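Below: the structure, in C-alpha cells.
The values are calculated or read from the model by the stated rules, or taken from the named source; none is laboratory data. Predicted model only: the values in this text are computed from it and were never measured. Note that we place each Cβ from the backbone using ideal geometry, even for glycine, and neighbour counts take in every protein chain shown.
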Amino acid sequence: MTLASGESFTHMQAFLLFAAVISVAFGFLGRRQRKDRIKYILWSFFLFLAVGIGIGWAMYPFSR
Amino acid sequence: MSQESNETIPVELSPGSAEANSPSESRAWGVAIAGWLVPGLGHALQRMWGRALVVFLTVGILVVAGASMRGNLFTSNGNDAFDTLGYLADLGTGSFYFLARSLEHDGADVSHSGGDYATRFLATAGVLNLLAALHAYEAARGRKA
C-alpha cells in the first residue's frame with residue numbers, strides 16, 4: 001500500500017500503527033494514573049496483536 | 001419537627017427541569033461539542049492537557065494516514081445504509097473531516113488493500129473522537145473520568 005507521499009506501508013505496519021494509536025488513546029482515556037495507563041496500553045496493544053494475528057491464522061485455510 | 005421531615009427525598013430530574021438545564025449542564029454540552037469540532041479541545045478546556053494532546057494526535061494521525069493512503073471518505077449522498085454509517089463515522093472527526101478532504105485531492109482508491117485499510121483508519125478516527133467528546137462531557141459533568 002502506498003502513501004500519497006510515495007512511502008509505503010505493509011499490511012503488518014498498518015496493523016501495528018492502528019493497534020498502537022488506538023491503545024494509546026484507550027490508555028489515556030480509560031486510566032488516570034501513569035502506571036495504570038502504561039499497563040493498560042501494553043495490555044491493549046498485546047490483545048490487538050493477539051486477536052488480529054489469531055483471526056489471520058484462522059482465515060488462512062480459506063485463503064486459497 | 002419530626003425525624004422524617006428532615007430526610008431528603010430523592011427526586012429524579014426530567015430533561016426539561018431547571019436543574020437539568022443548569023449552567024454546568026450547558027457547559028458540559030459546550031465542552032462535548034468543542035471536543036467534537038476540534039479533537040482534544042474538550043479536554044483542553046478542562047485543563048486535561050495530556051488527554052487533550054493524545055486525542056488530538058491520535059485522531060490526527062489516523063486522519064492523515066487514512067487520507068494519505070486514499071481511503072474512502074464518505075459523503076452525504078451515499079448509496080446505501082453502509083455509506084450513511086460511514087459518513088456519520090467520518091463526520092465524527094469534526095473539523096478534521098475537511099482536513100482529510102483537502103489532503104485527499106486525488107480521491108479515494110479502494111482497489112488496493114491500502115485504500116481499504118485507510119477507510120477503516122478514517123472511520124476509526126471519527127468514532128474515537130466521538131468517544132473522547134463523550135469522555136470530556138462526562139468529566140465536565142463531574143463524573144469520574
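Some points to look at:
- Scanning region A:36-64 for residues that are over 9 Å from the mean Cα position of the chain (by Cα) and of a type in the set (Phe, Trp, Tyr) yields A:Tyr40, A:Trp43, A:Trp57, A:Tyr60, A:Phe62.
- Residues that are hydrophobic (A, V, I, L, M, F, W, C) and within 13 Å of another protein chain (Cβ to nearest Cβ), drawn from region B:41-55: B:Met48, B:Trp49, B:Ala52, B:Leu53, B:Val54, B:Val55
- A:Phe26 vs. criteria within 13 Å of chain B (Cβ to nearest Cβ) and either assigned to a loop (DSSP other than H, G, I, E, B) or modelled with pLDDT of 95 or more (or both): yes
- Residue check for B:Ser76: closer than 26 Å to A:Phe15 by Cβ and modelled with pLDDT under 95: no
- Single match in B:Ser68, B:Ser113, B:Ser76, B:Ser102 (criterion: under 19 Å from the mean Cα position of the chain (by Cα) and not aliphatic (A, V, I, L, M)): B:Ser76
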